[in-house]
Amino acid sequence: MDFGFSEQQGEVQTLARQILSEQVTPERLAAYDEFKAERFDRELWQQLAQAGLLGVALEESHGGMGFGFTELALFIEEVGRSIAPVPVIPHLVSAAAPIQRFGSSELQGRWLPGVASGDVLLTAALMEPGNEEPAAPSLTTATLDGDGYRVSGLKTCVPFARSADRILLSAAVDGGVVVLLVDPKSAGISLEDVRYSTYETQYQLTLQDVQVSAADVLAGPTAGAAVMQWLSLRTTAALCAHQLGVTDHSMRMTASYSAERKQFGVLIGTFQAVGHRAANCYIDVECLRLNTYQAASLLASEADATNEVQIAKVWAGDVGHRVSYASQHLHGGTGIDRDYPLWRYCLWARHNEMMLGGSARQLAALGARIAAGEAYCA
Amino acid sequence: MKVEFTPQQNALREELRAYFGELMTPELMDECSRDMGEGGGPLWRTALKKMGADGWIGLGWPEELGGKGMSPIEQFIFVEEIMRAGYPFPFLTTESVGPQLAENGNEWHKTELVPKILAGELLISIGYSEPGAGTDLAALKTSAVRDGDEWVINGQKMWTSLAHFCDYTWLAVRTDPDAPKKHKGISMFLVPNDDPGWSCTPVNTLGDVRTNATFYDNIRVSDRNLVGELNGGWKLITSQLNRERLSLVNVGPTAVLFNKVVQWASETTLADGSRLVDEAWVQGNLARVRVGIEALKLVCYKQAWAMSEGTLDMADASVAKVYGSEFFIEAYRLLGEVVGQASMVKAHSEAGEVLQGRIERLYRTASIITFGGGTNEIQRDIISAAGLWIPRASR
Ligand SMILES: Cc1cc2nc3c(=O)[nH]c(=O)nc-3n(C[C@H](O)[C@H](O)[C@H](O)COP(=O)(O)OP(=O)(O)OC[C@H]3O[C@@H](n4cnc5c(N)ncnc54)[C@H](O)[C@@H]3O)c2cc1C
């Protein structure tokens, strides 16, 4: 049992925090408000690549640092803390990680060096309308076509779909689920901009008889569902890590504010009711932190972490909700003033809460596992 | 970072689980449940002496003091396992007062009392609270006054738990009424509960837990009954409270209760023959509890780990106390809903009893640790000040 950071983990955290806290300013974030530009800071992306952070969990032979999922989660926590406009989760967790784990060496060689250098951009389409279960696509189907597949269907919530070089997605086929890397420029693909409150467009992706060559198949019918399950657990844990950064930062912003703002001649933080609501946030964030780290640490050692990831995501949803509103409340009007930096954090807390399923859905899934005898306490 | 037990820690857990499995005979369990989880009965005493003889008392004490020298994380595993087994271990004596006597005590404490504590033959009750001194403990009035080479003790304590079967009371008294700050005039004494000036009347509580009002009427003791420095008692009190928190919000018993309720709901069928556990609302409640237990487990383990590393953070200790005590109440409610009307049926009822009436009783005892063991309001003050650097109001 060790809750401390190793030297390399501490270094990843420090490096990421240093670059992101310097580069991501409210002024730079404002450039993307109201969809003025695609929410992607390419200059920052290159800096992260040069610092080696895009390759933090990629093997050295692909130009990475050779670390594991824990280090990647710590990097993502920092991305959350700064709400940096960079597609770290879809690129590194949902797409690159499964390519490294399950892809042929040809596939790895084709994509991973570019992932680390930032020269290519990958994303993933994990959800369908009314279906938040990445391993069980129901609206998207594929049929064998020569060595490859022909895919038709519908996906939602696909970030960065327009700029990506490939979109990882799953489709139901005879005998299982396949995982494909689809080129968004292929014939038969249409993208609709869906405007989300974070100002990060989540595309709706329609596929009509899209041809995918054998070279772009990551997993065939018998392996596909397990691959999707694998990457969905990691993407969920990554959302938790991002949420940890978001909520920790919101809470600390709130604490600082309550140590500066005076009413009735005293600092508002000295009102016990104010201090205690902030203390509740602290307890919440600590619970989210420990559950996230536990999930990341288990996933890093390829242990079965289904229960732990679901539990962490419930905390991510609940804590995101509570810290967002406590932070707004304790700031009074300032919290929602768009000239003060808190409001964007509230939107990201909401994003992380809902993506891949909110608390109720996670609880339902965990409840089913409990009923099946799969989630007793050790 | 590796949020998993080492093989050695897992082995210790298994050893303890097997040991307590054998120790807890049905007769002993019955006696403990009759004593409302407080202990004090004859079988309980025999078991305690056996644990002393087997070297299981004083496991966190340094080896040179006769202990096992275990790290806090190993101690935590011990506490969790013994609490899971349902044995009311006298933590206050063995883990709070005992080590202080071993470290700060005089010759008499070290050569006579400490070995008896380690043998499971000496029990100590805690006399801090008074009718007028609760959360504001430093307001206590019970006094010790010097008379020749003796001390004369007078006053009243409140909520002196276990005192009716303990040998001594670890008593906080005022020795300097003129100290500039009220917590600077307090000293700690060990007062024999069989002194003619000592008396005790029961205080019965909602949860059937018996506690006591204790009275100190011209009790004369000598210097050897003083523990630590004169007027230096506050430090001993606060460090004792820190140790106490390790057992207050332990995750073990709730994990056991959760598992039992899941088991029960899996075996219980509804009128149409379907299993109770397959109801959506039941799964919802169980999942909520499971999510909360996981966080409590991690909060506790992190605390034990930090103690092992010597990096225990004040705010984190308070997080565990507040979160744990409030989660228990919520967990009992959610599990009680699953059990339904039977969650109000008392133990030893002629019919309708489920899980030995545990949930019925837990509803009645759960509030104690939200205000006891350092009330949650004060813990939240600590969290906002030590964890978030929010300025405090002066008190
Ligand atoms: C079953 C049981 C066993 C016990 N065993 C022992 C024992 O063995 N030895 C012993 O010495 N004591 C024991 N206690 C006493 C226990 O420690 C006290 O109950 C506790 O310290 C609270 O004191 P109080 O009951 O006087 O409540 P009070 O201090 O009067 O508190 C009442 C309410 O006021 C709130 N409050 C007080 N101060 C503040 C503040 N500064 N800010 C905000 N809110 C505040 C509290 O949170 C609480 O909600 C026991 C109590 C019980 C019920």
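Read phi for every residue in the range B:40-46 and hand back ³J(HN,Hα) as whole Hz from Karplus 6.51 cos²θ - 1.76 cosθ + 1.60, θ = phi - 60°, with x for Gly and Pro.
Per residue, the Karplus-derived 3J(HN,Hα) values read x, x, x, 5, 4, 5, 4 Hz.
In a Gaussian network model over chain B where Cα atoms closer than 10 Å are linked, find which of B:SER161, B:SER266, B:SER143 has the largest mean-square fluctuation.
Maximum fluctuation in the GNM of chain B, among the listed residues, is at B:SER266.
Have a look at the range A:142-243 and give its Rg and Dmax from the Cα atoms, expressed in angstrom.
Just the Cα atoms of the range A:142-243 yield Rg and Dmax of 14.1, 43 Å.
For B:ASN259 paired with B:ASN204, estimate the spin-label separation in nm (one decimal), with each label point 7 Å from Cα along the Cα-to-Cβ line.
Spacing of the two 7 Å Cα→Cβ label points: 3.5 nm.
For B:LYS235, give me every one of the lysines with a C-alpha distance below 16 angstrom, ignoring sequence neighbours fewer than eight places off in its own chain.
B:LYS181, B:LYS182, B:LYS184
Give me the lysines in straight-line cross-link reach of B:LYS49: C-alpha distance below 27 Å, same-chain residues under 8 apart excluded.
Leaving aside lysines fewer than 8 places away in the same chain, those within reach of B:LYS49 are B:LYS68, B:LYS110, B:LYS116.
What are the residues whose amide H is under 5 Å from the amide H of A:MET127, where those residues sit 5 or more places off or on another chain and H is modelled from the backbone?
Residues meeting the criterion, in which the H sits 1.01 Å from N, are A:THR156.
Quick one: Cα centre-to-centre distance for the range A:25-43 and the range B:212-244, in angstrom?
About 63 Å separates the Cα centre of the range A:25-43 from the one of the range B:212-244.
As I understand it, the dipole of chain A uses +1 on the Cβ of Lys and Arg and -1 on the Cβ of Asp and Glu, about the Cα centre. Which of A:SER61, A:ILE311, A:SER197 lies farthest toward its positive end?
A:SER197
Under 29 Å between alpha carbons, and skipping anything fewer than 8 positions from A:LYS313 in its own chain: which lysines qualify?
Counting by Cα, and skipping residues close in sequence, A:LYS313 has these lysines nearby: A:LYS155, B:LYS2, B:LYS260, B:LYS297, B:LYS302, B:LYS321.
Specify the inter-centroid distance of the range A:115-153 and the range A:92-106, based on alpha-carbon positions, in whole Å.
One Cα centre to the other: 14 Å.
Pop out the ³J(HN,Hα) list for the range A:300-312 in order, Karplus 6.51 cos²θ - 1.76 cosθ + 1.60 with θ = phi - 60°, rounded to Hz; leave Gly and Pro as x.
Residue by residue, the range A:300-312 yields 4, 9, 6, 7, 6, 10, 4, 4, 5, 6, 4, 5, 4 Hz.
Zone of B:LYS49 (label point 7 Å along Cα→Cβ, backbone N under 15 Å): which residues in the range B:93-125?
Under 15 Å, as judged by backbone N against the label point of B:LYS49, lie B:116-123 of the range B:93-125.
Using unit Cβ charges (K, R positive; D, E negative) and no other charged atoms, how large, in debye to the nearest 20, is the dipole of the protein assembly as shown about its Cα centre? Show your work: numbers first, answer last.
Numbers: 66 positive and 93 negative charges, 327 e Å.
Here the size comes out at about 1580 debye.
Can you give the FRET efficiency for A:GLN23 and A:ALA372, using 1/(1 + (r/R0)^6), R0 = 41 Å, r = Cβ-Cβ distance, to the nearest 0.05?
Numbers: r = 47 Å, r/R0 = 1.14.
So the FRET efficiency works out to roughly 0.30.
Taking amide H positions as placed in the peptide plane 1.01 Å from N, state which residues far from A:ASP2 in sequence (5 or more) or on other chains have amide H under 5 Å from it.
Answer set, sorted by chain and number: B:LYS2, B:VAL3, B:GLU4.
Picking from B:GLY340, B:TRP234, B:LEU248, whose Cα lies most toward the positive end of the charge dipole for the range B:204-356 (charges on Cβ: Lys, Arg +1; Asp, Glu -1)?
Towards the positive end, the residue furthest out is B:TRP234.
With +1 on each Lys and Arg Cβ and -1 on each Asp and Glu Cβ, how big is the dipole of the range B:7-89 about its Cα centre, in debye rounded to the nearest 20?
On the way: 8 positive and 14 negative charges, 11 e Å.
Dipole size: approximately 60 debye.
How far is the Cα center of the range B:97-132 from the Cα center of the range B:268-285, in Å?
Their Cα centres are 51 Å away from one another.
With unit charges on the beta carbon (Lys/Arg positive, Asp/Glu negative), name the residue among B:GLY185, B:PHE328, B:GLY387 whose Cα is farthest towards the positive pole of the charge dipole of chain B.
Farthest towards the positive pole: B:GLY387.
Taking θ = phi - 60°, what integer Hz values does the Karplus form 6.51 cos²θ - 1.76 cosθ + 1.60 yield along the range A:272-278, in sequence order, with x for Gly and Pro?
4, 4, 6, x, 6, 5, 5
For the protein assembly as shown, what is the largest minus smallest coordinate of the Cα atoms on each principal axis, given in angstrom and ordered from greatest to least?
100, 65, 46
Can you say what percent of the DSSP beta bridges in the range B:126-231, counting only those with both residues inside, are antiparallel? Round to 5. Mind showing how you got there, number by number?
Numbers: 29 of 32 bridges.
Expressed as a percentage, antiparallel bridges in the range B:126-231 total about 90.
Spin-label point model (7 Å from Cα, Cβ direction): what's the B:GLU309 to A:ASP337 distance in nm?
3.9 nm
B:SER274 versus B:SER71, label points 7 Å from Cα toward the beta carbon: distance in nm?
Distance between label points: 4.9 nm.
Measure off, as a whole percent, the carbon and sulfur share of the 1.4 Å-probe accessible area of the range A:112-192, all protein chains present.
On the way: 1410 of 2840 Å².
Carbon and sulfur together cover 50 percent of it.
Around A:VAL173, which amide H atoms from residues at least 5 apart in sequence, or from another chain, sit under 5 Å from its own amide H, with H modelled in the peptide plane?
A:ALA142, A:VAL178
Report for chain B the percent antiparallel among DSSP-assigned beta bridges with both residues inside it, nearest 5. Walk me through the intermediate numbers first.
Values: 30 of 35 bridges.
Bridges in chain B that DSSP calls antiparallel: roughly 85 percent.
With a cut-off of at most 15 other beta carbons within 10 Å, and DSSP calling the residue loop, which trypsin sites (Lys or Arg not before Pro) in the range B:106-174 qualify? Please list them. Kindly include the intermediate steps, with their values, before the conclusion.
Values: sites: B:LYS110, B:LYS116, B:LYS141, B:ARG146, B:LYS157, B:ARG174; in loops: B:LYS141.
Of the trypsin sites (Lys or Arg not before Pro), the ones in loops of the range B:106-174 whose Cβ has at most 15 other Cβ atoms within 10 Å are B:LYS141.
How large is the charge dipole for chain A, taken about the Cα centre, if only the Cβ atoms of Lys, Arg (+1) and Asp, Glu (-1) carry charge, to the nearest 20 debye? Numbers along the way, then the final one.
Values: 27 positive and 42 negative charges, 200 e Å.
My answer is approximately 960 debye.
Give the relative contact order (percent, whole number) for the range A:226-371; include only Cα pairs under 8 Å separated by 6+ residues. Before the final figure, lay out each step's value.
Working: 164 pairs, mean separation 45.4, N = 146.
Reported relative contact order: 31 percent.
Chains B and A: how much accessible area gets covered up at their contact, both sides added, probe 1.4 Å, in Å² to the nearest hundred? Before the final figure, lay out each step's value.
Working: alone 19260 and 16150 Å², together 30890 Å².
Adding both sides of the contact gives about 4500 Å².
The values are calculated or read from the model by the stated rules, or taken from the named source; none is laboratory data. A quick note: this is a predicted structure, and the numbers were derived from the prediction, not measured. A quick note on method: Cβ atoms are made from the backbone with ideal geometry, for glycine too, and the neighbour counts reach across all protein chains shown. Side chains are part of the model used for accessible areas, which takes the heavy atoms of the whole protein and leaves out ligands, DNA and RNA. Shrake-Rupley method; radii C 1.70, N 1.55, O 1.52, S 1.80 Å.
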